[in-house]
Amino acid sequence: MSGQLIGSDIHVVYGRGATRVHAVRGVSVAVSTERSLGLAGESGSGKSTLARALVGMSRPTDGRVEWNGARLETLPARGVGSRPRIVQMVFQDPMSSLNPRMTVGDAIREALQVNDIPGDHRTETVRLLNIVGLSATDVEKYPFQFSGGQRQRVAIARALAVRPEVLVCDEATSALDVSVQASVLNLLRDIRRESGLALAVVSHNLDVLRYLCDDIAVMRQGVVVENRPAEDLFRDPHDPYTRMLLDAVPRFSVTPGIDRGTAA
Ligand SMILES: Nc1ncnc2c1ncn2[C@@H]1O[C@H](COP(=O)(O)OP(=O)(O)OP(=O)(O)O)[C@@H](O)[C@H]1O
Ligand SMILES: [Mg+2]
């Protein structure tokens, strides 16, 4: 299946009066099953705000988000926060998105139930855990019984439970140490290959984006200053700000370890 999520001329304004922040200022981006999208840019540039608008977690002040031509808010909405199940998001800190009093099995089964996913939910839960490199024995465990990398795998499994067409990861690996980060990045790349998801990744780590994304949009102060195929952007950044970000990349990299895919 192919599909495309398009955000057109998105504006997001927080607050009013003296506290008004125009966090996203007329941004247009696309992510599709064919081309994954990376969002780069310094802290406060509006990446997470744009990501939340793209998944329908917050309604943009202006502009539109469409999945295959249909407005996001017209798509069937179920589950947490009644956002469209077409799009799911994985956050930096999986501890905050997983209920500490619920076993991992229950959390995934709940996502299956709430979203009316057909089939045997026990079998499906184990299948999802296997996809992310966990096992059937993990269903009875609570979030605190996992490592950070394993918890992030659980969060990914739960997002996949809903059978989304688009997966948006907001700094989903930045809290993890380098080898664990590499294994989660491998996992995301495999999932994308195998299930044909449209993947959007928010990261301030350009190596992460280069590894996962076909296109990279660089944000600065709520505006996209450059949006191009990743390889072009790295070879020949047009925008001075992009050049500055590339120059600021530390001289060590997460990518050399990535393909080894050590289990987290
Ligand atoms: N809920 C909110 N209420 C008011 N202002 C907000 C809110 N969330 C974000 N902002 C402001 O909007 C701007 C963009 O924030 P956003 O979180 O989107 O940036 P970011 O690029 O994701 O940064 P980071 O890399 O630090 O995660 C910032 O100025 C921020 O202070
Ligand atoms: Mg952010």
Original post:
Name the residues in segment 85-106 that are closer than 28 Å to Leu5 by Cα, surrounded by 20 or more Cβ atoms within 10 Å (Cβ to Cβ) and either among the charged types (D, E, K, R) or at pLDDT 95 or above (or both), would you?
Top reply: Arg85
**OP:** Please give the number of the condition Thr49 fails out of (1) more than 13 Å from ligand 2 (Cβ to nearest atom); (2) closer than 14 Å to Ala200 by Cα.
**Re:** (1)
**OP:** Select from segment 215-264 the residues that are polar (S, T, N, Q) and surrounded by 18 or more Cβ atoms within 10 Å (Cβ to Cβ) and write down the one among them that is modelled with the lowest pLDDT.
**Re:** Thr242
Subject >> Residue satisfying condition, being over 15 Å from the mean Cα position of the chain (by Cα) and surrounded by 22 or more Cβ atoms within 10 Å (Cβ to Cβ), within set Ala182, Ala200 >> reply: Ala182
Subject >> Pairs with Cβ under 7 Å, 6+ apart, first in segment 130-156 and within 19 Å of Glu110 (Cβ to Cβ) and part of a helix (DSSP H, G or I), second open to solvent by less than 10 Å² (accessible area, probe 1.4 Å) and of a type in the set (Gly, Ala, Ser) >> reply: Ile131/Ala157; Val139/Gly105; Glu140/Gly105; Gln152/Ala172
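Rundown of residues vs (1) out of contact with any Gly (no Cβ under 9 Å at 6 or more places or on another chain); (2) open to solvent by 50 Å² or more (accessible area, probe 1.4 Å); (3) not in a helix (DSSP H, G or I), yes/no style:
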site: Asp9; (1), (2), (3): no, yes, yes
site: Val13; (1), (2), (3): yes, no, yes
site: Ala23; (1), (2), (3): no, no, yes
site: Ser28; (1), (2), (3): no, yes, yes
site: Glu42; (1), (2), (3): yes, yes, yes
site: Ser48; (1), (2), (3): yes, no, no
site: Gly56; (1), (2), (3): no, no, yes
site: Pro60; (1), (2), (3): no, no, yes
site: Arg64; (1), (2), (3): no, yes, yes
Subject >> Residue ID - farthest from ligand 2 (Cβ to nearest atom), chosen from residues in segment 158-172 that are open to solvent by 10 Å² or more (accessible area, probe 1.4 Å) and out of contact with any Gly (no Cβ under 7 Å at 6 or more places or on another chain) >> reply: Arg163
Original post:
Inside segment 202-242, can you point out the residues that are part of a strand (DSSP E or B) and not basic (Lys, Arg)?
Top reply: Val202, Asp215, Ile216, Ala217, Val218, Met219, Val223, Val224, Val225, Glu226, Asn227, Pro229
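Could you tell me which of the residues Arg25, Arg20, Arg64, Arg52 is closer than 25 Å to Arg220 by Cβ and touching a Phe, Trp or Tyr at 6+ places or on another chain (Cβ under 8 Å)?
Going through Arg25, Arg20, Arg64, Arg52 in turn, just one is closer than 25 Å to Arg220 by Cβ and touching a Phe, Trp or Tyr at 6+ places or on another chain (Cβ under 8 Å): Arg20.
Restricting segment 161-181 to residues that are in a loop (DSSP other than H, G, I, E, B) and within 15 Å of Ser36 (Cα to Cα), which is nearest to ligand 1 (Cβ to nearest atom)?
So in segment 161-181, the residues in a loop (DSSP other than H, G, I, E, B) come out as 162-165, 171-177.
With the extra rule that they be within 15 Å of Ser36 (Cα to Cα), the set shrinks to 164-165.
Details: Pro164: 21, Glu165: 23 Å.
Looking at residues that are in a loop (DSSP other than H, G, I, E, B) and within 15 Å of Ser36 (Cα to Cα), I get Pro164.
The values are calculated or read from the model by the stated rules, or taken from the named source; none is laboratory data. Fair warning: this is a prediction, and the values are worked out from it, not measured in the lab. Methodologically, a virtual Cβ is constructed for each residue, glycine included, from the backbone with ideal geometry; neighbour enumeration extends over all protein chains shown. Calculation scope for accessible area: heavy atoms of the full protein, side chains included, ligands and nucleic acids excluded. Shrake-Rupley method; radii C 1.70, N 1.55, O 1.52, S 1.80 Å.
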